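What follows is a short report on a single structure.
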Amino acid sequence: MGFLAGKRALIIGIASNRSIAWGIAEAMKREGAELAFTYQNEKLRPRVEKFAAECGAQATLPCDLGNDDEISALFDTLGGSWDGLDILIHSAAFAPRDELTGDFVEVTTREGSKTAHDISSYSLTALGKAARPMMRGHSGAILSLTYMGSVRAMPSYNVMGLAKASLEANIRYMAYALGPEGIRVNGISAGPIRTLAAAGIADFRKMLDHVEQNAPLRKNVSIEEVGNAAAFLCSDLASGITGEITYVDAGFNIIGMSGYN
Ligand code: NAD
Ligand code: 0WE
């Protein structure tokens, strides 16, 4: 029997078979969880429905994270078929594309900052608010995805770095608020992975090569590796862990200087 047997998981952020959320879905399915998915918009709906059919997901529901009505409708509908929720995965982020390149101070705008923080950080609080009644008494687990650009300055990540710093603080404040109800809240800081969110990012190939050459494990991570860590963190095996950011990055974040190789 898998270590997530009997658990019900809602997964937000599947856009393709390369999505980190899809790696998480596959690992959770394998460990025995029942799944439900959301899609951002009508364009993504048929794709997400196909993935849902592939892994016997219970429901495929709309949810634009920028829209409070859709968030509340999501949990109303889900509450109709599930009497409780054990696991919530938040695997989505957005900033205007033209702010993810160039000189941070030059390209960052008030409007872009608002959008990035709203979709990439506040949406986790909004989901926590809406999911809370269904998660109470279920030793619930909430997990979000972050990136090292939150704690280190680097080219191009720009306003997303600020939004991820906010997301990581959000994870700690949510862990603090929801802990007394037995709900754990954690983050995975993944190394760079070629997904749709990485498509068209200038020099992404160079970033992957740099990690492969310099990370302690001398490789990039896969969505399967992130999925396995996510399944663990959302399982009762991790019952003592909350408010934590776990790096799944082949060790890249711990190096102080690359090797002379
Ligand atoms: P992806 O493109 O497969 O997934 C991003 C998802 O965000 C998509 O499903 C998209 O529909 C969703 N999304 C964006 N705006 C939304 C909105 N307004 N409402 C609802 N959904 C919305 O890319 P991914 O790399 O799997 O990204 C998932 C998460 O992982 C993101 O938080 C990203 O920051 C994080 N992350 C990615 C990497 C990487 O290198 N790919 C590394 C570390 C962390
Ligand atoms: O968090 C991310 C990317 C999130 C993202 C991606 C896009 C592309 C399409 C947010 N908003 C948008 N907006 C779009 O219009 N990652 C961790 C992947 C990523 O993106 C980078 C990276 C890495 C790594 C951008 C610059 C530098 C490094």
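Below, the figures for the structure above:
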read-out: Paramagnetic reach from Asn17 in segment 54-75 [backbone N under 13 Å; point 7 Å along Cα→Cβ]; value: 54-55
read-out: R0 of 22 Å, Cβ-Cβ distance Ile254-Ser139: FRET efficiency to nearest 0.05; value: 0.10
read-out: Residues Glu106 and Asp236, FRET efficiency given R0 of 45 Å [Cβ-Cβ distance, rounded to 0.05]; value: 0.40
read-out: Degrees between helix 45-54 axis and first principal axis of the chain (Cα, 0 to 90, nearest 10); value: 70 degrees
read-out: Options Asn170, Phe104, Ala131, ranked by Cα towards positive dipole end of segment 100-212, top entry (Cβ charges); value: Ala131
read-out: Potential extension, Tyr173-Ala73 segment - 0.36 nm per residue separation minus Cα distance; value: 33.5 nm
read-out: Per residue convex hull volume, Cα atoms of segment 203-261, in Å³; value: 107 Å³
read-out: Around Asp64: net Lys/Arg minus Asp/Glu count, Cβ-Cβ under 13 Å; value: -3
read-out: Cα centre as origin, Lys/Arg/Asp/Glu Cβ charges: segment 1-90 dipole, Debye; value: 460 debye
read-out: Nitroxide proxy distance, nm - points 7 Å out along Cα→Cβ at Lys219 and Ala5; value: 3.0 nm
read-out: Extension gain from Lys206 to Thr125, taking 0.36 nm per residue of separation minus the Cα-Cα distance; value: 25.7 nm
read-out: Of the chymotrypsin sites (Phe, Trp or Tyr not before Pro) in segment 156-261, those whose Cβ has at most 16 other Cβ within 10 Å and which sit in DSSP loop; value: Tyr260
read-out: Area projected by the alpha carbon convex hull of segment 152-261, averaged over all directions, nm²; value: 8.0 nm²
read-out: Extension reserve of the Arg30-Arg194 stretch, reckoned as 0.36 nm per residue once the Cα distance is removed; value: 56.7 nm
read-out: Per residue, the convex hull volume that the Cα atoms of the chain enclose (Å³); value: 128 Å³
read-out: Distance between segment 1-67 and segment 215-261 - C-alpha centres, whole angstrom; value: 22 Å
read-out: Out-of-range pairs (alpha-carbon distance over 31 Å; input Lys29/Lys206; Lys7/Lys114; Lys29/Lys129); value: Lys29/Lys206; Lys7/Lys114
read-out: Ala141 long-range amide H proximity, modeled H, under 5 Å; value: Ile87, Leu88, Arg184
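None of the figures in this text is laboratory data; all of them are computed from the coordinates on show. Since this is a predicted model, take the numbers as computed values, not measurements. All Cβ positions, even for glycine, are placed from backbone atoms using ideal geometry, and neighbour counts span all protein chains on display.
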